[in-house]
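Novice: Here's a structure for you.
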Amino acid sequence: MRTLHHYTAAVSCRTGERHLRKRLPCQDRWLLREIPGGIILALADGHSDARCTRAGFGARIACAAAADVLSDPALAPEELGAALSRRFAKLAE
């Protein structure tokens, strides 16, 4: 649990019943980042398929990309989608 800007955030990822039965790891990720004037909370749901062994990695970089892009006050709302795609691709390299 963290308190930022007078907000308290309690976030967790839990391995679901299906994952437990199939012995799959939890692939969900979250990231909490403080920025001037507020906070960013990014959440990503992993793919949940045994064939997708990098789903947890994808969820982690999706959170990082979202937080990086949303932290940039110079970006206009209409630029966010393209900026997010570029940042995700860069982090996935």
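The values are calculated or read from the model by the stated rules, or taken from the named source; none is laboratory data. These numbers were taken from a predicted model, which means no experiment stands behind them. Cβ atoms come from the backbone with ideal geometry, glycine included; neighbour counts cover every protein chain shown. Protein only, heavy atoms only, side chains kept; ligands, DNA and RNA dropped before computing areas. Shrake-Rupley method; radii C 1.70, N 1.55, O 1.52, S 1.80 Å.
Novice: Considering each residue of the range 49-88, count those that are over 16 Å from TRP30 (Cα atoms) and of a type in the set (Gly, Ala, Ser), and give that number.
Specialist: 7
Novice: Mind checking which residues of the range 39-87 are assigned to a helix (DSSP H, G or I), open to solvent by 50 Å² or more (accessible area, probe 1.4 Å) and among the acidic types (Asp, Glu)?
Specialist: Of everything in the range 39-87, those that are assigned to a helix (DSSP H, G or I), open to solvent by 50 Å² or more (accessible area, probe 1.4 Å) and among the acidic types (Asp, Glu) turn out to be GLU78, GLU79.
Novice: Shifting gears a bit: Counting just the residues of the range 12-21 that are surrounded by fewer than 17 Cβ atoms within 10 Å (Cβ to Cβ) and in contact with a Ser or Thr (Cβ under 9 Å, 6 or more places away or on another chain), which one comes out farthest from PRO73 (Cα to Cα)?
Specialist: It comes out as ARG18.
Novice: Okay, moving on. Would you be able to tell me the number of residues in the range 24-53 that are over 14 Å from CYS13 (Cα atoms) and modelled with pLDDT of 90 or more?
Specialist: Summing the residues that are over 14 Å from CYS13 (Cα atoms) and modelled with pLDDT of 90 or more in the range 24-53 gives 2.
Novice: Pairs please, first residue from the range 7-26 and of a type in the set (Gly, Ala, Ser), second anywhere and in a strand (DSSP E or B), Cβ atoms under 6 Å, 6+ apart in sequence or on different chains.
Specialist: Close Cβ pairs satisfying both conditions: ALA9/ARG2; ALA9/LEU32.
Novice: Looking at (1) of a type outside the set (A, V, I, L, M, F, W, C); (2) in a helix (DSSP H, G or I); (3) within 11 Å of the chain's Cα centre (by Cα), which is the one condition that is false for HIS19?
Specialist: Just one mismatch for HIS19, condition (3).
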